[in-house]
Structures are given as structure tokens and as C-alpha cells.
Amino acid sequence: MKLDEAKKQVKELREKLEYYANKYYDEDAPEITDYEYDMMMNKLKALENEYPELITKESLTQKVGGHVKEGFKQVTHIVPLQSLQDVFSFEELQEFDTKMQKAAEEENEELQYVVETKIDGLSVALEYKEGIFVRGATRGNGLIGEDITENLRTIKTIPKVLPEKINIIVRGEVFIGSKEFEQMNEEQEILGKALFANARNAAAGSLRQLDWKITASRPLNIYIFNVQKFDENPFDSHYEQLKYLSKLGFNVNPVKIYCKSFEEAKNAVIKIGEDREKLTFGIDGAVIKIDSLSFREKLGTTYKVPRWAIAYKYPPEAKETILKDVIWQVGRTGVITPMAILEPVKVAGSTISKTTLHNEDFIKEKDLKINDTVLIQKQGDVIPEVIKVITEKRTGKEIDIEIPTTCPTCGAKAQREEGEAAIRCTGIECPAQLLRGITHFVSKECMDIDGLGYKIVESLIEKGLIKNIADIYNLTLEDIASLKKNGKKFASNLIESINKSKERDLFNVINALGIKQVGIKAAKVLAKKYKTMDNLANSSLESLCMANDVGEITARNIYEFFRQDQTIDMINRLKEAGVNMNAMQEEEIDNRFEGKIFVLTGSLTKYTRNEAADLIEKYGGKTSSSVSKKTNYVLAGEEAGSKLTKAQELGIKIISEEEFEQMVK
């Protein structure tokens, strides 16, 4: 390859890697798999090795990914939080050992290793002075991180006071366990929110919140895996140091294997790979480290990675199997998803007998048929996926996969909206959607039934006390009290809240029904136009299309919703329960911020960002994440960064919290 062509490829790879690294590290929203990213990085490394004159300090091969998020104070790490050199074969591990053996002979050192799981989370440093936790920071770019002390204080497995008055900085990985991650996504689905891409990014996003209360609500955990700095370090063994940290109360990485030889270390890596499905937390590899701390000092580090450690990334594994059948499952948001039933096959340490086929488009794109021989791939903790059909193994006995037109659970019409890949059940009484439907129905902007939270609703459904949204209004004191010990007071308060909800305005009831694409804003428009639920239910498609802020697709959703037997039954039952079906007298609306766009930047002290945004929207204004010529106000808190600078350059009005407070009073 000529130099000009190499320059072009290097430039393209760097731009792509920067983009994907920003999505992964800074936005916690990955767009490609770790394996795809690693392969792209390897290609860049190979080109730079071949043409060293193209290497720059700005290349991601020479620095750690990640930046400091606006709103957090910067922390300069006393000891850099470096990355690790990744390898993908045992030959590369052998090369690492050969280098270490040679260095050990030159330095007259004994060579022992410690093998640990490479936890898939967000790396942080915890600093203790006189045994008291004083500061915690993210890795950031390795040299400068984000001060997230208050967020870290919410993690129960981080000790706030040590039993010894020592000065120490330790490094750990914040993560969300596999079971806890599934529960988080289940709740997201029920609440109609976007699902988290994976446990790593869910943990990172949870930890890098400007409001510590959000962090506190997430099931975060931490494993400590290294001592960064220890003023009175009595150890020369990494393994012994980890055992000491456990005695101090730190939650140390549970998988740490002391190895007297490379062969033992290699076997430990293989064993971790075989047993990874038994772990309660996600990993993306195994790490081999030199045990001797003094030998580590002699080996030193490069700009980006230590020379005394290496990370083995488990490669994706693919196997052939038979697609025996396809069943269609209804999720809690009404999405009907195809599930492949497979001839059981062992892939990447686990037996796979079923996997999602995502949607109708995926089936058609892969040209999947029942009885096909298919290739299944599973990388790490990623859900196994059908990669392709092996068409040359078709026998003529293959059967086309039938796409459902009705819900397999309740029999209501199943439809696919234009521009969407998903097929959805349209039935409001569908049992599969009951938990999500009730959770939405009782929420603050709907019927506002205080006390009827996700867990209580789940218990009521499990006990068979609620089989339909309208059953909420048939609950008795005894039903609710049975859910908790000494639950009479709770039951009394909840019954009072249920009865009070019957008086909610018509727009709240419309919003509570969960009509597709109808939120609180559209519900208010409909209530104002039609005045009663009956008028809305009997309105024509043409009339709905003429309503302000109601588009043709939304109008059709509303029209079809009120013509389903399940909807008619639901409305009648709510009427019988005494739920208000009429619009109330309109309150005077204060739109003082109408047409105004606010940008929030820096750390606010009197409000959380969400509270400030809610106030702005309450008075008719809007918030934006970026400053432009259309911005009217920039609300600047402490440590305001680039947004404040841009506002000053554009001459946009900058207001303090005190000024904002006066504006809303």
C-alpha cells in the first residue's frame, strides 16, 4: 500500500473511532459492538505500525477515550487511570509472557501472575484521607476525570469510613449486575421508555447524572481491582494487597486467581471463559497482571497502557443449528416479537435454544424459514443472534414464517404503523400489557393514584386482584392490606387516592387510556374540543384530523382505538365506577415563557436541572441541549463551560439562578 492510501485509511479510521468512542464513553449510547470497535482499532494499529510517521498523540491508539461531561468539576488524577492492551489470541498472550520472562531474567525477578475478570462497567478512582472517603472520580481521558463524589456516595458497597486511618486511592469498576439490568429494562419497557443498550452503558449513564437522586435510584455496584496510591504500603504483592483491601471493607473483584506460571494463567483465562455464564455480572475479557509491585515499577508504562498487564478479549463464537419454529410473544408495550425456537446448541459457554428474531423486516432480510439451517453467534454477554441462513443446506422442507394479523394473547387486531418495524397489539385489555397499562394509567399526568407503584401493581396482578385497568376501582381495603405487613394504614390511604382519582379532568383520563401517539398535550387539545368522552369516542375521522396539533396518523389511531370492543368495554366499566368523563372549567393558563428557548449549563444549587426544565415548560417555554441563535436565555450555574462561552459570543442573555427565580415568581 502506498503512503497516500495509508494516510486516507488512517484518517477515515480515526474519524470513525472518535465518533464511536464518543457514543460509547461520553453519551453512553453505543452504536456498534465492542468486537467491531476492537477490530477497527486493530486495523488502525496495524497501519500505524507499518507507517509510524502517521502516528500522532491525538490518535486513539495513543490515548484513553472519554471526556469530562459539562456540569461536573474536573479532577486531575494523581496516578493516571490507564487503559489496557487488548489481545484476541493465545499466541499474543504467549508473546506477552515471553517479553515478561525476558525482563524478569534481566531484572533477576521471579515471575508470577494474577488473573482477574475484566468487568464491563465504568472505571473510577476512590480517594480516602485518614480513612474517610473524600473524593471519587471517573477515568475520563485517563489524566483528567469527572468529580462524581456525591453520586458514588449513593453506592452501598463503597465504604464511607475505613477501619484504619490510612491515605489511599483505589481503582474499581462500577457496574450493574445481570439480573438487576434485566429488571431495569423491564421497568423501562413498562414505563414506555427507551431500553438501555447494555449493562455497561446503563451503569455509566446512571453514574454520570448531574442529579445524585437519579444515581441513587439505580442498582449500582462496584468491584475494586487495584491500588493506585498508598502512602504506607506494606505489600509487594498485588494479590496480597487485594486481600488486604477486602479486610478494609472494600468490595474486591471476586475472581482473582494467583498463578505461578504462564500455563496456569492461560488455563485460568480459559476457565473464566467457560464459566462466564455463571457470573452475576458482565465481563468483556480476562486480565493477566504481574503480581510483584516492585517488578511493575521497573517495567513502567507507555503513554496509554501499563507494560505489566494485558487483557484477553473473548472472541465471538458461531455455531450451526436448526430453526425449528417461530412463536410470537407480546411484550408489555404491546409489541409482538418473533422468537426463534432452535435445536439446542452450545455457543460461547452457554446452551442456546431460542433467540429473538427482532421483527418482520429482520425475518425478510435474512430470508428465514422454519426448518432452515442457521448460523448463531454470541459475543460475550450479548444476546445470541441469527447471523445468516445456510441456504445450500435447504432440502425443500422449509416453511415460510407466518406474520400475525391478530394478537396471539388477546385476539385484538395486530397492526404495523407506517415508518415502524414493530407489529403491535391494539387491545387495551390485553393481559400481556396489563402491568404497563396500569402503571401508565395511575401515573401523575394521568389518574395520579399515589401509592399504586410498579411493585404494588405487580403484586395485585400476581394475586389475581386486578385483571383489567377498571378493576382498580373494585379494590377493597382487605385486598390492599394483604400486600403488606400492618398494611391497614397504607390500604386506607390508597383507597382514598383511588377515589380521589375519579374526579380527574377529562384530559387526564384520555391520557391515561394510553392511545398510541396521544400524550398529555394532545389529550388537552381533545378534551377542550370534544368536552366529553362520548363526544370524542363518537367523533369522525375527518373531525379528528381537523383538531389542532393532531396529525392524520394520530387521528386514525384515536378513531380506531374507540371502535374496538375492548375499548368500549373499558370506558363503560370506568363510567360505572364513577370516573369523570367530562371536561372541567378551564383554569387560567400562564404562558409567560411562550416562544422562549432556555439552555441550562453548569451546576445549579437551588434546583435540579429537571426541576428547572419543568418550571420552564410549565410556563410555556422550551429547553434545548445546545446554544444557537434561536436561544433566548442561558441559565448558568457554577462551573459553566463551553455553552456559556458560546452564549457570550452570540450575545445571548445569560441569567443566574437568582434571576431565574424572580422570573418564575
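What follows is calculated from the coordinates using simple rules that are stated; it is not laboratory data. Everything numeric in this text was worked out from a predicted model, so none of it was measured. Virtual Cβ from ideal backbone geometry, glycine too; neighbours counted across all protein chains shown.
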query = Under the Karplus relation 6.51 cos²θ - 1.76 cosθ + 1.60, θ = phi - 60°, what is the ordered set of whole-Hz ³J(HN,Hα) values for segment 357-366, x standing for Gly and Pro?
reply = 10, 6, 6, 4, 4, 4, 4, 6, 4, 7
query = For segment 317-400, what is the per residue volume of the convex hull drawn over the alpha-carbon atoms, in cubic angstrom?
reply = 92 Å³
query = trypsin sites (Lys or Arg not before Pro), restricted to segment 386-424: which are DSSP loop and have at most 10 other Cβ atoms within 10 Å?
reply = Lys397
query = Taking R0 as 30 Å, what's the FRET efficiency between Glu50 and Phe90 from their Cβ-Cβ distance, rounded to 0.05?
reply = 0.80
inquiry  = Please give the charge dipole size of the chain, origin at the Cα centre, charges +1 on K and R Cβ atoms and -1 on D and E Cβ atoms. Round to the nearest 20 debye.
reply    = 940 debye
request  = Report relative contact order for the chain in percent, whole number only (criteria: Cα-Cα under 8 Å, sequence separation at least 6).
outcome  = 10 percent
remark   = If the chain between Lys57 and Lys455 were fully extended at 0.36 nm per residue, the gain over the current Cα-Cα distance would be 138.1 nm
ask   = Cα to Cα, under 24 Å, and not fewer than 8 places away if on the same chain: which lysines meet these conditions relative to Lys11?
value = Lys2, Lys23, Lys43, Lys45, Lys57, Lys63, Lys304
task = State the extension gain, in nm to one decimal, for the chain segment bounded by Arg394 and Glu420, taking 0.36 nm per residue of separation less the distance between their alpha-carbons.
result = 6.2 nm
message = To make sure I understand, if each residue's beta carbon is the centre and we count other beta carbons within 10 Å, what order do Asp291, Asp590, Asp147, Asp534 fall in, fewest to most?
response = Asp590, Asp534, Asp147, Asp291
task = Starting from the Cα gyration tensor of segment 597-664, take the square roots of the eigenvalues, sort them a ≥ b ≥ c, and report rounded, prolate or oblate (rounded when a/c is under 1.5, otherwise prolate if a/b is larger than b/c, else oblate).
result = oblate
task = Could you list, by residue number, the cysteines of the chain that have no other cysteine's beta carbon within less than 4.7 Å of their beta carbon?
result = Cys259, Cys446, Cys545
query = Cα axis of helix 178-190 to longest principal axis of the chain: angle in degrees, 0 to 90, nearest 10?
reply = 30 degrees
request  = For every other residue with a beta carbon closer than 14 angstrom to the beta carbon of Thr532, add +1 if it is Lys or Arg and -1 if Asp or Glu, then tell me the sum.
outcome  = +2
ask   = Once the Cα atoms of helix 565-576 and of the chain are each reduced to a long axis, what angle between those two axes, in degrees from 0 to 90 to the nearest 10, is obtained?
value = 70 degrees
query = Want the number for Leu143 to Glu277: 0.36 nm per residue separation, take away the alpha-carbon distance, what's left?
reply = 44.8 nm
ask   = Mind listing the phi-derived Karplus ³J(HN,Hα) values for segment 393-406, rounded to whole Hz, using 6.51, -1.76 and 1.60 with θ = phi - 60°, and x for any glycine or proline?
value = 9, 5, 10, x, 8, 6, 10, 4, 7, 7, 8, x, 10, 10
ask   = Where does helix 90-107 land angle-wise versus the long Cα axis of the chain, in degrees 0 to 90, nearest 10?
value = 40 degrees
